[in-house]
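S.K.: Pasting in a structure now, in structure tokens, and then I'll have a few things to ask.
The values are calculated or read from the model by the stated rules, or taken from the named source; none is laboratory data. Computed from a predicted structure; not experimentally measured. Cβ coordinates were reconstructed from backbone atoms using ideal geometry, including for glycine residues, and neighbour counts include every protein chain displayed.
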């Protein structure tokens, strides 16, 4: 006689994932960052392979070489043209694979939890921002460790959800970024290009966008509306290594002044894809 236990167990597991999809809106379980020894959100949101969507998951706010003891506002930006709800989880690990530095929550969008020597920053229920299209950014403060702590690596996973309140149809992304103490990162993709903050932000009517290249590369810098429409292409061509600053005057491709609101600016340089947000207040 065949034993039905494996089928029953599989059914229970599937039911659990479906039920947890709604529960996870208040924060995912620990150990879902794709760090060594961990899984990611595809454990339950399994409709598509990891990093298979049209979106991106990027980390900003910390230079490739961190200053020991300094405080940095880490930004996690998750973008996907088809998403309507957003989630994330990250941890920062040292060479011993335990957490390095200190995380501090800055608003109600983020919460912290700790297990097995690792501290996690993750979304809250409010922080999923249901109904928000195209992209969302979270900010968490990381205070770097004291001198001599060595490299720090941030591992992050993000859920660009379709908002149907179950585990189907969501796109899962994962990324990692290494910061070194007193030198440039040895991870080529992390160090090749970096998109900085725009200044001022909010602005009216002009702002300056900063980016840096570790080596010469073809660069495309574009501005989008939150609905995904192209507003303006600011850079499109090969640029030399170094710091670059590009001004945007709040005009679209046709030379018309765009209205107040939130806009996305996106850097594409070699394999790097980074997106940030800015606000125009007229």
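S.K.: Anything in segment 135-146 that is surrounded by fewer than 23 Cβ atoms within 10 Å (Cβ to Cβ) and either modelled with pLDDT of 95 or more or under 20 Å from residue 56 (Cα atoms) (or both)? List them, or say none.
M.R.: Those that are surrounded by fewer than 23 Cβ atoms within 10 Å (Cβ to Cβ) and either modelled with pLDDT of 95 or more or under 20 Å from residue 56 (Cα atoms) (or both): 137, 139.
S.K.: If you don't mind, there's one more thing I want to ask. Filter segment 227-282 down to the residues that are at negative phi, crowded, with 16+ Cβ neighbours inside 10 Å and in contact with a helix residue (DSSP H, G or I) (Cβ under 9 Å, 6 or more places away or on another chain) and list them by number.
M.R.: 269, 272
S.K.: Could you tell me whether residue 215 is assigned to a loop (DSSP other than H, G, I, E, B), more than 19 Å from residue 80 (Cα to Cα) and in contact (Cβ under 8 Å) with a residue 24 or more places away in the chain?
M.R.: Judged against the criteria, residue 215 is a match.
S.K.: Condition check: touching a residue at least 12 places away in the same chain (Cβ under 8 Å) and closer than 30 Å to residue 164 by Cβ. Does residue 87 satisfy that?
M.R.: So residue 87 passes the test.
S.K.: Find the residue count for segment 160-182, including only residues that are part of a loop (DSSP other than H, G, I, E, B), buried (at least 20 other Cβ atoms within 10 Å of the Cβ) and touching a strand residue (DSSP E or B) at 6+ places or on another chain (Cβ under 7 Å).
M.R.: The number of residues fulfilling the criteria is 1.
S.K.: For the structure I just gave you, tell me whether residue 214 is farther than 24 Å from residue 54 by Cβ and crowded, with 17+ Cβ neighbours inside 10 Å.
M.R.: yes
S.K.: Within segment 15-35, can one find any residue that is surrounded by 18 or more Cβ atoms within 10 Å (Cβ to Cβ), touching a helix residue (DSSP H, G or I) at 6+ places or on another chain (Cβ under 8 Å), at pLDDT 90 or above and in a loop (DSSP other than H, G, I, E, B)?
M.R.: Within segment 15-35, one or more residues are surrounded by 18 or more Cβ atoms within 10 Å (Cβ to Cβ), touching a helix residue (DSSP H, G or I) at 6+ places or on another chain (Cβ under 8 Å), at pLDDT 90 or above and in a loop (DSSP other than H, G, I, E, B).
S.K.: Here is a check on your reading of the model: is residue 189 under 17 Å from the mean Cα position of the chain (by Cα), under 30 Å from residue 233 (Cβ atoms), at pLDDT below 95 and not in a strand (DSSP E or B)?
M.R.: Judged against the criteria, residue 189 is a match.
S.K.: Turning to a different aspect of this structure: Quick test for you: out of 149, 157, pick the one residue that is in contact with a strand residue (DSSP E or B) (Cβ under 7 Å, 6 or more places away or on another chain), in a loop (DSSP other than H, G, I, E, B), at negative phi and crowded, with 16+ Cβ neighbours inside 10 Å.
M.R.: None of the other options fit; the residue is 149.
S.K.: Sticking with this one: With respect to residue 101, is the statement that it is exposed (fewer than 14 other Cβ atoms within 10 Å of the Cβ), on the phi > 0 side of the Ramachandran plot and outside the structural domain of residue 198 (by TED's automatic domain parsing) true?
M.R.: no
S.K.: Given the conditions (1) surrounded by fewer than 17 Cβ atoms within 10 Å (Cβ to Cβ); (2) assigned by TED's automatic domain parsing to the domain that holds residue 270; (3) closer than 24 Å to residue 85 by Cα, which single one is not true for residue 204?
M.R.: Single failed check for residue 204: (3).
S.K.: Let me ask something additional. Residue 171 is checked against (1) under 29 Å from residue 84 (Cα atoms); (2) modelled with pLDDT under 90; (3) in the same structural domain as residue 50 (by TED's automatic domain parsing) and fails just one. What number does that condition carry?
M.R.: Every listed condition holds for residue 171 apart from (2).
S.K.: Regarding residue 253, is this residue in contact with a strand residue (DSSP E or B) (Cβ under 6 Å, 6 or more places away or on another chain), at pLDDT 90 or above and assigned to a loop (DSSP other than H, G, I, E, B)?
M.R.: Yes: the conditions hold for residue 253.
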